[in-house]
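The values are calculated or read from the model by the stated rules, or taken from the named source; none is laboratory data. Predicted model, so just to flag it, every value in this text is computed and none were measured. In this analysis, Cβ positions are derived from the backbone assuming ideal geometry, glycine residues included, and neighbour counts consider all displayed protein chains. Each accessible area value is taken on the protein alone, full model and side chains, heavy atoms only, with ligands, DNA and RNA left out. Shrake-Rupley method; radii C 1.70, N 1.55, O 1.52, S 1.80 Å.
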Amino acid sequence: MYHTDIAIVEANTLAALGLRTILEEMIPDITVRVFADFGALIDDTPDMYAHYFVSAQIYFEHTAFFIEKGPRTIVLCNGNQKFPAGVPALNVCLSQKDLIKAIMYMRSRGHHSSSAQHGMEGTGEHELSPREIEVLQLLTRGLINKEIADKLNISLTTVISHRKNITTKLGIRSVSGLTIYAVMHGYIEADSI
């Protein structure tokens, strides 16, 4: 199993921790390290990371280092900043839902070839039963347990059992994390969330 390490280089602790939480929910098998400044990254093992999420200020102060990393570097911006062509940027002012969509879009488009090379795709295959997939799909649409039970003509206890099995198999507890998993594995379309 290949393990992926991601670096977040951002002085804003709240933004860095929020992004780390979102990334860990999206890709449970990764390790995300947070660095408050470029010096802390350099003191670590700076070339070991598959991807670098970097604040715009730090990117511009240390452009030579990050240009070498190519598309593995994603600049965290406030939406109104302009970057040279070819520099992937992520608007951190988006809503959580739109931020997740943007990250998934970047993974599927901008990092497609490097994601397989660097293990950004999920490393373990999780065998969900057809019924668990149906429950997962309905969860991602925002249905509550009772609504799922009614829709599938099964008992509430059975729905709860399926949800428990899904979270145990995937290691994902939040509905947003399950939604990301479902999109990444083709169980639902990103546009439907």
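Key figures
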| quantity | calculated |
| --- | --- |
| Fully extended contour minus Cα-Cα distance, from Glu127 to Ala15, at 0.36 nm per residue | 36.9 nm |
| Candidate aspartates and glutamates for bridging to Lys151, where Cα separation is under 19 Å - those fewer than 8 sequence places away on the same chain excluded | Glu132, Glu134 |
| Accessible area per residue in Å² at 1.4 Å probe, computed on the range 7-106 | 49 Å² |
| The range 1-73 - percent of accessible surface contributed by carbon and sulfur, probe 1.4 Å | 55 percent |
| Cα gyration tensor shape of the range 1-96, rounded if a/c is under 1.5, else prolate or oblate by comparing a/b with b/c | rounded |
| Proximal lysines to Lys69, defined as alpha-carbon separation beneath 20 angstrom and excluding residues fewer than eight positions away on the same chain | Lys82 |
| Average accessible surface area per residue within the range 141-193, 1.4 Å rolling probe, Å² | 59 Å² |
| Eligible lysines near Lys146 by straight Cα distance, threshold 30 Å, same-chain separation 8 or greater | Lys97, Lys101, Lys164, Lys169 |
| Ranked packing of 23-32, 87-96, most packed first, by mean Cβ within 10 Å | 23-32, 87-96 |
